[in-house]
Structures are given as C-alpha cells and as structure tokens.
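Heads up: the structure comes next, in structure tokens.
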Amino acid sequence: MAMLHTVNKSPFERNTLNTCLDMAKSGASVLLIEDGVFGALKNTSASDKVSKAMEGITFYVLGPDLAARGMTEDQVIDGIKVIDYDGFVDLTTEHDNFQAWL
C-alpha cells in the first residue's frame, strides 16, 4: 500500500521532516506544504537528507506555498516535483493511506 506523508513544519524549527523520513518506507510519497516547503530547498542543512531519501521516496512540494514564502521553483532540489492544489488532490486519491506529520 502506497502511503502519502505530508509535512507542514519547517525542518529548521521542528524534527517533523526527519521523523517522517525515518518512518517512510520505500515507495512512499512525501508532500511538503506550508512551512514544510523549506525542506525542499537546495543547499540547506536538510537538503542532503532529502536528496538521499529520494532514492526510494517520491517528493512533492506545493507550489502556492513556495510562492507565498517568496521562493521559486529554481530553488527546489532537483527531482522534487512542484504541484498545485489540483495535484495535491490527485495525490490523495492515488495513495491508499495518508499520514500528516504536524
């Protein structure tokens, strides 16, 4: 069963992203939303762990949340897919289970 994990906290303020990555199994998907989008940025203390996790986990970031924080798609780690709200809805219907990391 494919699991969709959502992370809404900045990895620079909470351990939510680290906990998610420690628990997520290969084949899962992680969607970074709200302040969780900071975990999608290149050249940060979180980017190496996220890049390594991408070997078995598919990552997405919500584009409107990036824009709301003054970030652009070119700042996102290569391989992370930027999606809109329709894409968010699609992800929820494509996965069997859902885990929100708050």
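The values are calculated or read from the model by the stated rules, or taken from the named source; none is laboratory data. Everything numeric in this text was worked out from a predicted model, so none of it was measured. When we count neighbours, we look across all protein chains shown, and the Cβ atoms used for this are built from the backbone with ideal geometry, even at glycine.
Descriptive notes on the structure:
- From the options 74, 65, residue that is touching an Asp or Glu at 6+ places or on another chain (Cβ under 8 Å) and among the charged types (D, E, K, R): 65
- Selected residue [hydrophobic (A, V, I, L, M, F, W, C), out of contact with any Asp or Glu (no Cβ under 6 Å at 6 or more places or on another chain) and at pLDDT 95 or above] from 82, 37, 30: 30
Yes/no per residue for (1) within 27 Å of residue 96 (Cβ to Cβ); (2) within 11 Å of the chain's Cα centre (by Cα):
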{"residue": "13", "(1), (2)": "no, no"}
{"residue": "19", "(1), (2)": "yes, no"}
{"residue": "22", "(1), (2)": "yes, no"}
{"residue": "30", "(1), (2)": "yes, yes"}
{"residue": "34", "(1), (2)": "yes, yes"}
{"residue": "41", "(1), (2)": "no, yes"}
{"residue": "69", "(1), (2)": "no, no"}
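- Scanning the stretch 82-93 for residues that are over 17 Å from residue 20 (Cβ atoms) and either under 11 Å from the mean Cα position of the chain (by Cα) or in contact (Cβ under 8 Å) with a residue 60 or more places away in the chain (or both) yields 82, 83.
- Which listed residue, of 40, 28, 46, 53, is of a type in the set (A, V, I, L, M, F, W, C), touching a Pro at 6+ places or on another chain (Cβ under 9 Å) and surrounded by 16 or more Cβ atoms within 10 Å (Cβ to Cβ): 46
- Those residues of the stretch 29-45 which are in contact (Cβ under 8 Å) with a residue 40 or more places away in the chain and polar (S, T, N, Q), in sequence order: 29
- Unique residue being touching a helix residue (DSSP H, G or I) at 6+ places or on another chain (Cβ under 6 Å) and polar (S, T, N, Q) when the list is 10, 51: 10
- Test for residue 70: is it free of Cβ contacts under 8 Å to residues at least 12 places away in the same chain and of a type in the set (Gly, Ala, Ser): yes
- Residue 90 over 13 Å from residue 6 (Cβ atoms) and surrounded by fewer than 12 Cβ atoms within 10 Å (Cβ to Cβ): no
- The set of residues in the stretch 61-90 that are under 14 Å from residue 34 (Cα atoms) and among the hydroxyl-bearing types (Ser, Thr, Tyr) contains only 85.
- Meets criteria (under 19 Å from residue 4 (Cα atoms), of a type in the set (D, E, K, R), in contact (Cβ under 8 Å) with a residue 40 or more places away in the chain and surrounded by fewer than 19 Cβ atoms within 10 Å (Cβ to Cβ)) for residue 96: yes
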